[in-house]
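The values are calculated or read from the model by the stated rules, or taken from the named source; none is laboratory data. Just so it is clear, the model here is predicted, and its values are computed rather than measured. Reconstructed Cβ throughout: ideal geometry from the backbone, glycine too, with neighbour counts over all protein chains shown. Calculation scope for accessible area: heavy atoms of the full protein, side chains included, ligands and nucleic acids excluded. Shrake-Rupley method; radii C 1.70, N 1.55, O 1.52, S 1.80 Å.
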Amino acid sequence: MIDIAASDFRHPRRHVRLDTILRLRWLAVLGQLAAIFIVLQGLEFDLPVIPCLAIIGLSALLNLGLQIAFNPMQRLEPRYAAALLALNIIELAALLFLTGGLQNPFSFLFLAPVLISATALPSRLTMALGALAVACASILVFFYMPLPWDAEEPLVLPPIYLFGVWLSIVVAIGVTSLYAFQVTEEARELADALAATELVLAREQHLTQLDGLAAAAAHELGTPLSTIVLISRELERALQDNAQVSADIKTLREQAQRCRDILSKITQLSSTGAPFDRMKLSTLIEEIVAPHRDFGVAIKVRIAVAGSKEPVGTRNPAILYGVGNILENALDFARSAVEVNAWWNNDSVEIVISDDGPGFAPDILKRIGEPYLSRRRGAEDTQSEHSGLGLGVFIARTLLERTGAKISFTNRIFPDHGAVVSVVWPRHRFEAGESGEENAEADA
C-alpha cells in the first residue's frame, strides 16, 4: 500500500481576496444609493436622507481607504474578512433602522454576508456572523424609525407579521448558510480526494520513470563495462608472469563482469514483456493476499475452474492498490475470516471479496466510494481513523474504474452477515492492461 500524508495534497481552506470583499461593498454602496434615489424620487417618501447618506459615505470612505492602504489582490485572513462582513451587517442594520426596520423589504439582505462567509470562511466565523445578523434583526423588531406612509392611508403592520418577517430571516440565514457551507465543503473534500488520487498515480508514474531510467542506465553502462572486461582480460594474459599484478587484474575483471550481470538483470526486469510484467489472475491475487496473511484473520482464496483459459493481465499498480485496499478494509472489519473468490469466462473477469463482519451500515451503503466517508469499529480504530484521511475506498474505486472495472458494494443475504465487494472487468480490458486502458481512452 502507498502511504499518503495529508500534507502531501490537502489544501487549506481558501482565503477571500480583499478585492472580492471590496467589490461587494462597492456594489452595496451603489445599490443603497440607487434605492434611496428611487424612494425619494419615485415613491416620494420623506426619508432621513442626511443620516442615510452619512452611513453610505462612511462605507465608501472605508472602501477607498482599504484600496489605497492595501493590495486588493492579497488574501485576507479569515478573521479580517469576517470583520469586514460584520461591518456590512452593522451598516445594513443602521440603514434599516432609519428606513422602517423589518418593514423594509431590503431586510433580507442580512443573508448576503452570512452566505459569503459560509462559502469561504471557517464555520465558527460563519456562526458568529449569523448570530450577529439575527441579533440585528431582533433589535429592529422593536427599535426603528417608521416609514413615512401616506398620512391619509397609513399602513400599520400587525406585530405577528413583523414576527413572521423576523422568523423568516432567521430560518433563511440558518438554512441557506448551512446548505451553502455543505455544498462548498463537499466540493473541497472532493477536490482534496481527487488530489490524493492524482498523487497516488503520480507516485506510480514516478516509479515507472525510475524503472525506465534504470534500464537506460544499464544500457549505457554496458558498453564501457564490456571494454573494461576485455582490456582486463588482455592485461591478465600479458602479465601472467607477475602473479600479484595478474591477481589484481583478475579481481578487476571479475568485479566488472559482476557489474555487467547486475545491469543485465535490471534490464530484464525493466523491459516490457519481462516475466513479471504479466501474470495470471491467480498469481495476481496471491501477490495481493500474501502481505496480509498471519494477522489473526484467515484469508480463504478460491479460484473457480472455468472452461476457458485463465486470464493473464498486466501487473497493473492500480489493480494491486485498489484490490489490496478493499482486502485491507475487509480484514479490518472481519471477525474471523475473509474470502477472496475469483472466476472468469470468455467475456468477464470477477474478483469478490467478502468478510464475516457486521457489513455495511444501511445509511452509507449507497454512498460508499464517496470521499471522506468512513466508519470504523472500536475506540482504537476510531482514533486512528480520525488521524488518517478516510480516502482509501475512494482512491481504490477511482483507480479500479480507470482500469475498466465496475465495483459494487452489498451485504450478505440474511441470516449470513458481512460485506461483499465485487470487482468485474471486461476480459479484454483486464488482459489488455495499461495499454488497453490507454487505447480505450484514445477511442473515447
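Would you be able to say whether some residue in segment 177-187 is among the aliphatic types (A, V, I, L, M), surrounded by 14 or more Cβ atoms within 10 Å (Cβ to Cβ) and modelled with pLDDT under 70?
Step one: of segment 177-187, the residues among the aliphatic types (A, V, I, L, M) are 178, 180, 183, 187.
From what's left, surrounded by 14 or more Cβ atoms within 10 Å (Cβ to Cβ): 178, 180.
Retained after the next criterion (residues that are modelled with pLDDT under 70): none.
No - not one qualifying residue is present in segment 177-187.
Of the residues in segment 371-381, none is over 18 Å from ALA330 (Cα atoms), surrounded by fewer than 17 Cβ atoms within 10 Å (Cβ to Cβ), at pLDDT 50 or above and not hydroxyl-bearing (Ser, Thr, Tyr).
Could you tell me whether ALA274 is assigned to a helix (DSSP H, G or I), under 38 Å from the mean Cα position of the chain (by Cα), of a type outside the set (Asp, Glu) and at pLDDT below 75? Judged against the criteria, ALA274 is not a match. The lone criterion from (1) open to solvent by less than 90 Å² (accessible area, probe 1.4 Å); (2) without any contact (Cβ under 8 Å) to a residue 24 or more places away in the chain; (3) under 25 Å from GLY101 (Cα atoms) left unmet by LEU64 is number (3).
Looking only at residues in segment 298-318 that are of a type outside the set (A, V, I, L, M, F, W, C) and crowded, with 16+ Cβ neighbours inside 10 Å, the one that is nearest to SER348 (Cα to Cα) is PRO311. Of all the residues in segment 84-113, those that are of a type in the set (Phe, Trp, Tyr) and buried (at least 22 other Cβ atoms within 10 Å of the Cβ) number 1. Just wondering, is there one or more residues in segment 343-353 that are touching a Pro at 6+ places or on another chain (Cβ under 7 Å) and open to solvent by less than 10 Å² (accessible area, probe 1.4 Å)? Yes, some residue in segment 343-353 is touching a Pro at 6+ places or on another chain (Cβ under 7 Å) and open to solvent by less than 10 Å² (accessible area, probe 1.4 Å). Candidates in segment 16-53 are the residues that are loosely packed, with under 13 Cβ neighbours inside 10 Å and modelled with pLDDT of 85 or more; of these, the one that is farthest from the chain's Cα centre (by Cα) is ILE50.
The rows are residues; the columns are (1) touching a helix residue (DSSP H, G or I) at 6+ places or on another chain (Cβ under 7 Å); (2) at pLDDT below 70.
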| site | (1), (2) |
| --- | --- |
| ALA195 | yes, no |
| GLU204 | yes, yes |
| LEU210 | no, yes |
| GLU234 | no, no |
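Conditions (1) outside any loop (DSSP other than H, G, I, E, B); (2) of a type in the set (S, T, N, Q); (3) within 24 Å of ILE413 (Cβ to Cβ), marked per residue:
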position	(1), (2), (3)
ILE285	yes, no, no
ALA290	yes, no, no
VAL301	yes, no, yes
ASN341	yes, yes, yes
ILE368	no, no, yes
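Filtering segment 327-348 to residues that are of a type outside the set (Gly, Ala, Ser) and farther than 18 Å from ILE303 by Cα leaves GLU328, ASN329, LEU331, ASP332, PHE333, ARG335.
Scanning segment 218-251 for residues that are surrounded by fewer than 16 Cβ atoms within 10 Å (Cβ to Cβ) and either among the acidic types (Asp, Glu) or in contact (Cβ under 8 Å) with a residue 40 or more places away in the chain (or both) turns up HIS219, GLU220, LEU221, GLY222, GLU234, ASP241, ASP248. Annotation: of all residues in segment 354-369 being open to solvent by 30 Å² or more (accessible area, probe 1.4 Å) and among the hydrophobic types (A, V, I, L, M, F, W, C), the one that is farthest from PHE394 (Cα to Cα) is PHE360.
Pull up segment 313-332, narrow it to residues that are closer than 21 Å to ASP356 by Cα and without any contact (Cβ under 8 Å) to a residue 40 or more places away in the chain, then point me to the one that is nearest to the chain's Cα centre (by Cα). Checking each candidate, the answer is LEU327.
Every test in (1) at pLDDT below 85; (2) loosely packed, with under 13 Cβ neighbours inside 10 Å; (3) not hydrophobic (A, V, I, L, M, F, W, C) is passed by PRO72 save one, and that test is (2).
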